[in-house]
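Please read the structure below before turning to the comments.
The values are calculated or read from the model by the stated rules, or taken from the named source; none is laboratory data. Here the structure is a predicted model, which means the values were calculated and not measured. Cβ placement follows ideal geometry from the backbone for every residue including glycine, while neighbour counts extend to all protein chains displayed. With ligands, DNA and RNA removed, areas are computed over all heavy atoms of the protein, side chains included. Shrake-Rupley method; radii C 1.70, N 1.55, O 1.52, S 1.80 Å.
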Amino acid sequence: LKASDRFNINSQLEHLQAKYVGTGHADLTRFEWAVNIQRDSYASYVGHYPMLAYFSIAENESIGRERYEFMQAFTSGMLILVLPLLLKQ
């Protein structure tokens, strides 16, 4: 690889990381990455009705209850990320 190719690849990666939050960045910790994956999974479960129905049948709960539980887990994951920032102030 030439230096110009390496620069082009790095600039494309920086562009993707700026455009999509889930792709991470150099300063992202392993914990923050795991919380992002978990939050994206919960959002996908809530957003796709057949998946939500599958979980509700598997756990013998109503669809509304499963949606509520996933939303609670989703927001608690966000709270875990924001809490250290709030404590620093």
- Query: Got a number for residues in region 22-40 being in a helix (DSSP H, G or I) and open to solvent by 70 Å² or more (accessible area, probe 1.4 Å)?
  - Reply: 7
- Query: For region 6-28, how many residues are modelled with pLDDT of 75 or more and either more than 21 Å from A43 (Cβ to Cβ) or in contact with a Cys (Cβ under 8 Å, 6 or more places away or on another chain) (or both)?
  - Reply: 9
- Note on the structure: Filter region 1-21 for residues that are of a type in the set (S, T, Y) and assigned to a helix (DSSP H, G or I); the one that is most open to solvent (accessible area, probe 1.4 Å) is S4
